Structures are given as structure tokens and as C-alpha cells.
Amino acid sequence: MRRLNLLTELQARNAKPAKGKFVDRLPDGGNLYLQVTRSLSEGFNRNWVFRYEMDGKRHDLGLGPAHTIGLKAARAKAAELRMQIYEGINPAQERKAIKAERKAKLAAEIKRMTFAECWNAYHKIHAKDWKHPKHRQQWESTMRTYVLPVLGNLNIADIETPHVEKVLSPIWTDKAETASRIQNRIKLVMDYAIAGGYRGKDNPAARDLVKARLGQIKRNNGHYKAMPYVEAPAFIAELRKRDLVSARALEFTILTAVRTNEALGATWDEIDLKHKLWTIPAERRKSPRDHRVPLSDRAVDILKSLHHSGKHVFLNDARKPFDEGALLKLLQNMRPGCTVHGFRSSFCDWAAERTSYPEAVAEMALAHAVPDATVAAYKRTNLFDRGVRLMRLWSDYLAKPHPSAEVVDLEERKRRG
């Protein structure tokens, strides 16, 4: 006859391995054991184990630590497992089945997540990385205005490209730039869902799939209309005649080929006049890295002409930083239809057509990622030095109302053979 309940409460609390043993099992009867293990801290770990043999195979099932599962509870668990064995059920397989059922249930719950729930989860994780308030506001407003009314309540696993098409088709032509950004934002939320296992591996907002449904997006080029670079010197000459801080801010933006918000947000502590260097910190940019901008002599002269009476470099009459609309308004009055941002394209076109510098140098000057792996492998110092010379050439070019047909750094040409 099998004996049960061999241990007392006191024995269970104070159990130790037999002398010379690292691990010991104390039987309580009825397949229940208290396993005691010496710990590295000279203490002891005590855990309940249910040992049984079924179909010629021995099994050890852990029932939990003794400090959590008391003696009485451990005996009750063991009694349940003995009943399963009596009924022909293998407790180990039963436990696996229960775990698999829980996992499947959790997966089913995950699959029922809506697009709105995934968007909220994505937003919670990534919003902290959106440094620029305007970028954050655009993300949130476009989602609430265009996307959530259509996709918000749909199961994330059920969304297909026609659903995305329903969001984008009303604005695909009339608001092409907005449509392009929304398409990418939906794609990012979908990528989050795919990575989390909330849906299959396909992304219904992938650009090639959307284009297959809606056709090639036709951006309104006037939105970012760039002044042809051959017209830029004459414009700069006209701009220099205007005795306005906004005019100096616009010229400085063009000379440095930076984004408008980067120029207007410039602070004096970012400027190193001695070394003719401006370092835009990562937190003010759409990038995790700082951007070093070489300053031409003309850019330095502009800075020296300004009053150092505040934190920011360019201040309006109210002694506050300009907003982006101020430069655009000035430019529109002088050259209707052109945009400040477009001068970055003017610079890029000029560098490609009027200089012998590799594309990577201009791309780095614009703070773009260098796409070509071979060019990216060049020493950064070498690329920056070339960027210094390129920005000096750009300044020289802009200073000539009637520039020659070709402006090439002869030193660079000689180096390239």
C-alpha cells in the first residue's frame, strides 16, 4: 500500500540536501517530491516535482516553488495529476495542450486588433522620436482626417490594398504630396503590425501595390518649384539690395543649402565663426546625427552683420525668430511660384551640371544619406573637405549675376585626373 503525506510542514520549510549532495528529492508519497538544491549563496531552492511513468517514459512535472506553493496545495495538485493518470491522460501532454490552447487564444486576440489600436501602439512607441513639432502634428492630423475614418475600425489582419486605395483615391491627384506621405504612414503602421505578428507578411500599403491600383502619383511640382540655378545669381544680386534681416536669412539659407526651419532655428552657440563651421544638432533635424555645414566667406559676412542680441541668429522686428512663412512671402514677392525649399534642388542641379564633384559630395552637403556603398566608404573627412570647397564654389557662383558657362574646382579636376 502506498503511503501519502510523508512530510510535515516543518520538514518542508527546512528541507536540505543530504550531506554531500548538491540536489536531493524528499518524497511526500503519491508521486510528489520536494526537490532541494543548494544555491550559490549558500541558501537552498525548494521546488515541488510530480514524478510519474507512463507509456514506458518517465516524466518530471514542476508544480512550483515551495515558498509560493505550500505543502497542502502541492498535495492537491498531485492528487489531480494522479486522477488524470488513472483516467488515461498523460499530464505532460495535457499541460502542453493547455499551453498551446492559450497561445492560440492569445494569437486570435492579437489578430482581432484594429488599425486604430495598432496606430495608437505605433504612435506611443515612435512619437518620441519625432523631434520637430510640425512633423508630429502632420502625422497625427493626417491619420485622424484621412485614415482612421476609413481604416480605424477594421481588423488589421483583414486590411487589403483596396482599403488603402479607398483612403488615397480622393486625394491621389489633387493633393499628391499629402497622399504620398499618407501612403507611407499607413505602410509604417502596417509594418508595425507585421513585425508584431498581428497580420501576415504582406503589406497592402506598399508603394508598388498602391501604384498598381491608382497609377503613378502626379505631384504638383509647383508646390516645391525650384528656381533654375542659372537664374539664381541674378536673384541673389537683387536680394542683396534689400536691407532686411529676412533677406539675409533667405540668402544664408540658399548659400548653405539647408532646410528653411534649420536656418531660421539657428542659434549662436551652433556657429563657429573662427573655423567657418555651423553644426546643426540632431534634435533639430530629421536625422539621428548632427549635420556640419561649412560656411563660405559670404555666409560668415552675413552672420557678422547681424546683432548678437539673443539666442537665435535671425530675429524679426519683435526680436523673435522668423517663421517659415516670412521667407516664403519675401521670395514670392520677388519670384512668384518659387519656393525656398526649391533652392536645395537648384544647388543639386548646379553641382551636377557645373562641377566635377561626385554626387555623394552634394548629397552629404544636403544632409542626405549617401546611397552608393562605394562612395559611402570614402573617409568622412575627405568628403567633408570636398564639401567645403563645393560650398565655396556655390557661393562664388551666386555672387556673379552673369556667371560663366562652367564653374569647376580645378583642384578637384586635377585630383580626379
Next on the checklist: Going by what's in this entry, would G64 be described as small (G, A, S) and out of contact with any helix residue (DSSP H, G or I) (no Cβ under 8 Å at 6 or more places or on another chain)?
Outcome noted: no
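Can you go through E270, E262, E251, E283 and tell me which one is among the acidic types (D, E) and within 16 Å of N333 (Cα to Cα)?
Numbers: E270 fails: within 16 Å of N333 (Cα to Cα); E262 fails: within 16 Å of N333 (Cα to Cα); E283 fails: within 16 Å of N333 (Cα to Cα).
Of the residues listed, the single one that is among the acidic types (D, E) and within 16 Å of N333 (Cα to Cα) is E251.
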Checklist entry - What number of residues in the stretch 7-23 are surrounded by 13 or more Cβ atoms within 10 Å (Cβ to Cβ) and either part of a helix (DSSP H, G or I) or more than 56 Å from the chain's Cα centre (by Cα) (or both)? => result 4
Item to check | Leading residue by the ranking (nearest to F115 (Cα to Cα)) among those in the stretch 126-146 that are among the aromatic types (F, W, Y) and at pLDDT below 90 | outcome: W139
Item to check | Pair list, Cβ under 6 Å, 6 or more apart: the stretch 326-341 residue β-branched (V, I, T), other residue assigned to a helix (DSSP H, G or I) and crowded, with 17+ Cβ neighbours inside 10 Å | outcome: V340/T260; V340/L327; V340/L331
Checklist entry - Of all the residues that make up the stretch 316-371, how many are under 17 Å from F235 (Cα atoms) and either over 31 Å from the mean Cα position of the chain (by Cα) or not in a helix (DSSP H, G or I) (or both)? => result 14
Item to check | Leading residue by the ranking (modelled with the highest pLDDT) among those in the stretch 385-414 that are part of a loop (DSSP other than H, G, I, E, B) and over 18 Å from E251 (Cβ atoms) | outcome: H402
Item to check | The listed residue being closer than 25 Å to C348 by Cα and either among the aromatic types (F, W, Y) or modelled with pLDDT of 85 or more (or both), out of S169, S180 | outcome: S180
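The values are calculated or read from the model by the stated rules, or taken from the named source; none is laboratory data. Owing to the predicted nature of the structure, the values given are computational and were not obtained by experimental measurement. Cβ sites come from the backbone with ideal geometry, for glycine too, and all protein chains shown count toward neighbours.
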